[in-house]
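S.K.: Take this structure, written in structure tokens, and hold onto it; I'll ask about it next.
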Amino acid sequence: MDSESTNLFTFRQGPQAFQPVLITESNNQLDSESEALRYAAPLRLYDCELEVLKDQQTYLQETGHTIPSYLVVSQVWGEIRHQMILPTVKWPVAISDPAKWDMILACCKADKMAKWIWMDAICINQSNSPKADEEKAVEIPKMNHYYRGAIACLVVPNDYLNFPSAHAQLVDLACNIMDADASVQDNALRIWESIPVLDAVIGDEWFWRVWTYQEFLLPRKHILLDGQELRVDLLRRLLDWYHKILRNGSLKKPQGGTDYDFIHPGKELVISAPRNWQTRNLRFQMKEELEQNGHVNLISLIWQTSHKQSTYPVDRLLGLYGLLSDKDKVPINPSEVSDRSSSTTVLESMWARTIAKAITSGRVWPLLHDSPEPNAAEGKHWMPHITAPTLWDERFPGAALAGLYPETIHHRNQVDMNVTNNGLHIAVRFVGCVMGTSMNIGDGGGEMNKIIACTWFLTANGCNTDPIIQQLQHGLATSDMVAPEGIQGSQEALSAALHASSIHDCFELMGEMDFARKLTYGHETTGWNKRVLCFQIESHRIPFVVLAWIHCSSPPKMGDCWIVDVTSEPAQTVRRWIVVNKVGPKTFRKIGTVRTWQPVSAIINQSSVPIILD
């Protein structure tokens, strides 16, 4: 390194995002490396010691042209009651309570925790102007760099005054009882009386906003206003633990315990709506995926945040941009940022461009998830929806209609696909024609008995039920009601029951093993909108039986319903097919999906046929 060289620090994208990268500056590299620094460094940072906002050029001059250590602030905007005027900030700062800002400053100044902070309401131009819209269109995609480059994220929940003490109580409960394998019965009163504490913490709006979700995933560490670390991983495990001990009856209301109208020990639904005790809300696997790959796949994010809230519909996408890979992003138009209305038009337009980009690049994940759009315009039924209300069926509050299958994320179709006004033009392989279907089947043990009855009947009548039996066995293997050491024995007993000599013997065995209840908590066996399908492959006499996800508004049309493979990959590597109804000479409408079964994949016709998915 020569004497004129200068060391600059920026941050590498991808799996090693948190590791500083040394840039050696020489004369012919100066422009490009200065540009790299300007891109990685936040546009503005707030100086907590002097209480002034400084632009990039100013603070970089003060720090020797290195990005200083800074905190990012993740706060719930809440109901805006005040427009704070801060010296050096040229726009009013919308905030629910000025005391919140005072506590943020006090926390950063305490023990000199942080001199610099980045907070969206202060560091991104919030004025109502075209210039501000242009700035937001540039800054929103860069928020991932800001959150991942920070030393930590300061979390300011909606109930920021009481949240830290409640969180500390839960950490103590988890460490001294849950993780210590202490007796649930001996500690029943404390565990039971901690239910409202957990309810208050996980019910805080910080966990339920779209924008704060990326602020949960991106930073390396989260701290609260009192300096303690926010343990989201621990809260997730605590939720799982409560579900488990309530289901298996270990935890019951102790003598002198409080009555809760939403807690039902020993029942199938141990925690009833509208309580937000959904463990998917705290899925730590997303954070692991982000750290491993540098991004999270789009459909997983949409599914994960489908129940989260946003002030404006378009924020359902804008609030996730920091988590996406470049291949999943489309350019943000300033008009999309400025149109902060209650209309879904901007969101749907941006989403349509995103899906079209994925499909025309050969990625077929938009087709392989359970995401119905029964009221879509002609030519748009194939496209998964994003508008939140249609993800839920109002007749069954809290029952998710959409299913996610991460194993299909990388499936591709190398034959050119084209999106037109009348639908998606795609080449597919026909797997088989649907010859019979059950009624629509819902969730719960009683509904599971319908699946069992159909499976036994079709087995007794000579159909090949191996596909559905294997899926039910998979459900047992993934149910938290089956101990790991009991999985194989349970799977063998389930097969024996479904091959019993009579339906009476079948249900007697099912009852002894409590299979209906255990399957209610299994992967791909739980939830609404299921149907048992019987389909036949061309030139094969014996029909096959599968458990499909079919939206209740679109029943199969006998004789005109098909199972098709939308990939061009080797058939035995494909993990999911779709179910379609024929609605025109060459036009089909997707109504659901079904898990593949390898022996069937080996015998289907491998030739592709061009069709239109409307």
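S.K.: In deg cm²/dmol and to the nearest 500, what is the mean residue ellipticity at 222 nm of the chain if only DSSP H runs of at least 4 residues count, each as -39500 (n - 2.57), divided by the residue total?
M.R.: Mean residue ellipticity at 222 nm (helix-derived): -9500 deg cm²/dmol.
S.K.: Within straight cross-link reach of K244, meaning Cα distance under 20 Å, which lysines are found once same-chain residues fewer than 8 apart are removed?
M.R.: K244 reaches K252, K253, K267, K518.
S.K.: Calculate the FRET efficiency for E79 and D416 from the Cβ-Cβ distance with a Förster distance of 56 Å, rounded to the nearest 0.05.
M.R.: The pair E79/D416 has a calculated efficiency of 0.65.
S.K.: Just to verify a number: FRET efficiency for N375 and L50, C-beta to C-beta distance, R0 = 51 Å, to 0.05?
M.R.: The formula returns an efficiency of 0.40 here.
S.K.: Karplus couplings for region 560-569 from phi (6.51 cos²θ - 1.76 cosθ + 1.60, θ = phi - 60°), rounded to Hz, Gly and Pro as x?
M.R.: 10, 10, 9, 9, 10, 9, 8, 9, 10, 7
S.K.: Which lysines, on any chain, are close to K329 with Cα under 27 Å apart, when same-chain ones fewer than 8 places away are left out?
M.R.: K131, K136, K142, K221, K287, K308, K357, K380, K590
S.K.: Follow-up. Skipping prolines and chain starts, which residues have an amide H placed within reach, meaning under 5 Å, of the one on G592, given they are 5 or more residues away or on another chain?
M.R.: Here the answer is V579, since their amide H atoms fall under 5 Å of that of G592.
S.K.: I would also like to ask the following. Taking 0.36 nm per intervening residue step and subtracting the Cα-Cα distance, what contour gain separates N440 from H474 on full extension? Mind dumping the intermediate values first?
M.R.: Values: separation 34, 0.36 × 34 = 12.24 nm, distance 2.13 nm.
Computed gain between N440 and H474 is 10.1 nm.
S.K.: Which whole-number percent gives the relative contact order of the chain, counting Cα pairs below 8 Å spaced six or more residues apart? Can you show the working numbers first?
M.R.: On the way: 1086 pairs, mean separation 66.4, N = 614.
Relative contact order, the chain: 11 percent.
S.K.: Also, I was wondering about something else. Using a basic spin-label model with each label point 7 Å from the Cα along Cα→Cβ, how many nm lie between E508 and T58?
M.R.: If labels sit at E508 and T58, their model points lie 8.4 nm apart.
S.K.: Quick one: length gained pulling A352 to E485 fully straight, 0.36 nm per residue minus the C-alpha distance?
M.R.: 43.2 nm
S.K.: With just the Cα atoms defining each centre, how far is region 404-468 from region 187-229? Give it in Å.
M.R.: Using only Cα atoms, the two centres lie 38 Å from each other.
S.K.: While we're here: Please state the Cα pair-distance histogram of region 36-156 with 10 angstrom bins from zero: what percent is in each bin?
M.R.: 13, 47, 36, 5, 0
S.K.: Using the reciprocal of the averaged 1/r over all distinct C-alpha pairs, how large is the Kirkwood radius of region 429-606 in Å?
M.R.: Computed over Cα pairs of region 429-606, the Kirkwood hydrodynamic radius comes out at 16.6 Å.
S.K.: Please give the helix 30-40 orientation as an angle from the longest Cα principal axis of the chain, in degrees from 0 to 90, rounded to the nearest 10.
M.R.: Here the helix axis deviates by roughly 60 degrees.
S.K.: Related question: Set the Förster distance to 41 Å, then compute FRET efficiency between S272 and Q572 from the Cβ-Cβ distance, nearest 0.05.
M.R.: 0.45
S.K.: I would also like to ask the following. Treating the angle as unsigned and between 0 and 90°, give the value, to the nearest 10°, between the Cα long axis of helix 98-109 and the longest Cα principal axis of the chain.
M.R.: Approximately 70 degrees, to the nearest 10.
S.K.: So, one more: Compute the long axis of helix 130-139 from its Cα atoms, compare it with the longest principal axis of the Cα atoms of the chain, and write down the angle in degrees, 0 to 90, nearest 10.
M.R.: For helix 130-139, the angle is close to 70 degrees.
S.K.: Have a look at the DSSP beta bridges in the chain and tell me what percent are antiparallel, nearest 5.
M.R.: Counting only bridges with both partners in the chain, antiparallel ones make up about 80 percent.
S.K.: For K115, give me every one of the aspartates and glutamates with a C-alpha distance below 18 angstrom, ignoring sequence neighbours fewer than eight places off in its own chain.
M.R.: Of all the aspartates and glutamates, those that pass the test against K115 - Cα under 18 Å, at least 8 places apart if same chain - are D47, E49, E51, D55, E62, D102, D226.
S.K.: Of L318, L547, Y260, which is farthest on the positive side of the dipole of the chain, counting Cα position, with +1 on Lys and Arg Cβ, -1 on Asp and Glu Cβ, and the Cα centre as origin?
M.R.: Ranked along the dipole, the leading option is L547.
S.K.: In the chain, which cysteines lack any other cysteine Cβ under 4.7 Å from their own?
M.R.: So far as the 4.7 Å Cβ criterion goes, C107, C123, C153, C175, C433, C454, C463, C506, C534, C552, C561 stand without a partner in the chain.
S.K.: Now, a different point. What distance in nm separates the two pseudo spin-label positions at R190 and M103, each 7 Å out from Cα along the beta-carbon direction?
M.R.: It is 2.7 nm.
Every number in this text was worked out from the coordinates using simple rules, so none of it is lab data. It should be emphasised that the depicted structure is a prediction, and the values quoted were computed from it without experimental measurement. Note: ideal-geometry Cβ built from the backbone for every residue, glycine included; neighbour counts use all protein chains shown.
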